[in-house]
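Structure first, commentary second.
The values are calculated or read from the model by the stated rules, or taken from the named source; none is laboratory data. Bear in mind that the values here come from a model prediction, so they are computed numbers and not experimental data. Positions of Cβ are generated from backbone atoms using ideal geometry, with glycine treated the same way; all protein chains shown enter the neighbour counts. Surface areas here come from the heavy atoms of the whole protein model, side chains and all, with no ligands, DNA or RNA. Shrake-Rupley method; radii C 1.70, N 1.55, O 1.52, S 1.80 Å.
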Amino acid sequence: MRVLRVFGLLFLASGGLLLEAQATFGAVVTPSSQGGVNYLIGGATDLVLDETRARLYLVNSGQQRVEVYSIAQRRFAGVVQTDLFPVSAAMSRAGKFLYVTCHEGSSLNIIDLDTLAVMRKVSLPAKPEGLAVGADERVLITTIGTGVNNTANTLLVFDPNPGPATDPVQNVVFTPPPPPSPVLPP
């Protein structure tokens, strides 16, 4: 059985119950200042584990950045500035990129994990919320939507390798429900 250790912020809500046998694992990380940068100010809205590089990526919405924590060194290893109000992140299946949705920037920021720099910013038609990366490396993005009752552009798909004539961001179209049967007079 493979045991995955997650070092970082762990919150356990026990509902007021006392557990007799408690185990402690991980490391307590307190807000700190290193190299003139204040880390964890405002907290993290999302957390991504990079097992290959032994890093944690913390999305800090208040500071408009992704904070990089080295698990091996037990210290922060740097920051990557993003567009306004980053809220969610997911790593590519190949482990080369970190995708970050920026709500107020209406964008998807793509961070190269080898250089720890934003390599591309993709404009989105609606303010994004969450995201997930599929087995085919395409990114599914949820948004608050646009249009009447915010029903358009609620789900988007970003293809990092689109065809030459294809827009990398596609709207997932939902089929509307069928119209009600007409009521005929007696």
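Counting only protein heavy atoms and a 1.4 Å probe, region 74-186 has 57 square angstrom of accessible area per residue.
Backbone phi angles across region 149-160, fed through the Karplus curve with coefficients 6.51, -1.76 and 1.60 (θ = phi - 60°), yield HN-Hα couplings of 6, 6, 9, 9, 6, 7, 10, 10, 10, 9, 9, x Hz in residue order; Gly and Pro are listed as x.
The coefficient of translational diffusion for region 33-125, derived via Stokes-Einstein from the alpha carbon Kirkwood radius under 20 °C and 1.002 mPa s, stands at 164 µm²/s.
Taking the average, over residues, of other Cβ atoms within 10 Å as the packing measure, peptides 153-159, 166-172 rank 153-159, 166-172 from highest down. Here region 103-186 has an Rg and Dmax of 17.5, 73 Å, counting Cα atoms alone.
Each peptide in 118-125, 82-89 receives the mean, over its residues, of other Cβ atoms within 10 Å, and ordering these scores from highest gives 82-89, 118-125. Extending 7 Å from Cα along the Cβ direction at THR115 and again at VAL37 yields two label points whose distance is 1.7 nm.
Contact order, relative form, for region 38-106: 25 percent (alpha carbon pairs under 8 Å, 6 or more residues apart, mean separation divided by residue count). Electrostatic tally near ARG138: other residues with Cβ closer than 14 Å to its Cβ, Lys and Arg +1, Asp and Glu -1, net -3. Near PRO168, once Lys and Arg are set to +1 and Asp and Glu to -1 for all other residues with Cβ below 11 Å from its Cβ, the sum equals 0.
Net charge within 13 Å of LEU156 by Cβ-Cβ distance, Lys/Arg positive one each and Asp/Glu negative one each, not counting LEU156 itself? Net charge around LEU156: -1.
For the pair GLU51 and LEU140, label points projected 7 Å from Cα toward Cβ lie 2.2 nm apart. Protection proxy ranking for 66-76, 96-106, using the average of other Cβ atoms within 10 Å per residue and placing the highest first: 96-106, 66-76. Between GLN73 and LYS96, the contour length at 0.36 nm per residue exceeds the Cα-Cα span by 6.2 nm.
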